[in-house]
Amino acid sequence: MEPAASALDIHLDTSHLEAAARKAATQARALVNRAVCDDQENALGVAAFQLDSAAKFLTRGDTEKARDALRAARSYAGCEEAAAPKLAAAARTLLDNLPA
């Protein structure tokens with residue numbers, strides 16, 4: 001007999017999170033273009049890449065990898081070099097809204 005939980009094919013709709021991650025990545029790339037130094041440009045570039053990666057992982061349904069990418073994005077956006085607290089807050093909000 002098959003356990004009831006494994007018999008259910010539950011696919012959580014994370015399309016709104018994916019869209020939000022892509023929007024945040026676009027905002028991060030815009031900030032890269034206005035960076036005042038190489039360190040800021042690099043930190044924001046990594047944050048943008050990680051947000052894009054999170055969106056791709058969400059498309060594939062891999063919430064664990066998306067969670068890791070969002071943690072990295074939050075870390076890079078929130079670091080002193082990036083000086084992007086709003087971007088870090090957006091990554092944190094996305095992270096908080098990921099399904100368990």
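From the gyration tensor of the Cα coordinates in the chain, what semi-axes in whole Å does the equivalent ellipsoid have, largest first, with each one equal to sqrt(5λ)?
Details: eigenvalues 196, 24, 18 Å².
One finds semi-axes of 31, 11, 10 Å for the chain.
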Q.
Could you identify which residue out of Asp68, Asp52, Asp39 has the top mean-square fluctuation in a GNM of the chain using Cα springs shorter than 10 Å?
A. Asp39
(Q) For a quick check of understanding: with a 1.4 angstrom probe and all protein chains in place, what accessible area in square angstrom does Thr93 have, to the nearest ten? (A) 80 Å²
Q. Highest GNM mean-square fluctuation, the chain, Cα pairs closer than 10 Å: which of Gln50, Gln27, Gln40?
A. Gln27
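Leaving ligands, DNA and RNA out of it, report the carbon-plus-sulfur percent of the accessible area of region 60-100 at a 1.4 Å probe.
Working: 1100 of 2410 Å².
Summing carbon and sulfur atoms, their accessible area is 46 percent of the total for region 60-100.
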Q) When the helices in the chain are scored as -39500 (n - 2.57) per DSSP H run of 4 or longer and the sum is shared across all residues, what 222 nm value do you end up with, to the nearest 500 deg cm²/dmol? A) -24500 deg cm²/dmol
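Add +1 for every Lys or Arg and -1 for every Asp or Glu among the other residues with Cβ under 15 Å from the Cβ of Gln40, and state the total.
-2
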Q. Roughly how many debye, to the nearest 20, is the charge dipole of the chain about its Cα centre, given +1 on each Lys and Arg Cβ, -1 on each Asp and Glu Cβ, and no other charges?
A. 280 debye
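The values are calculated or read from the model by the stated rules, or taken from the named source; none is laboratory data. None of the values given here were measured: they were computed from a predicted structure. Ideal geometry is used to build each Cβ from the backbone, glycine not excepted, and the neighbour counts take in all protein chains shown. Calculation scope for accessible area: heavy atoms of the full protein, side chains included, ligands and nucleic acids excluded. Shrake-Rupley method; radii C 1.70, N 1.55, O 1.52, S 1.80 Å.
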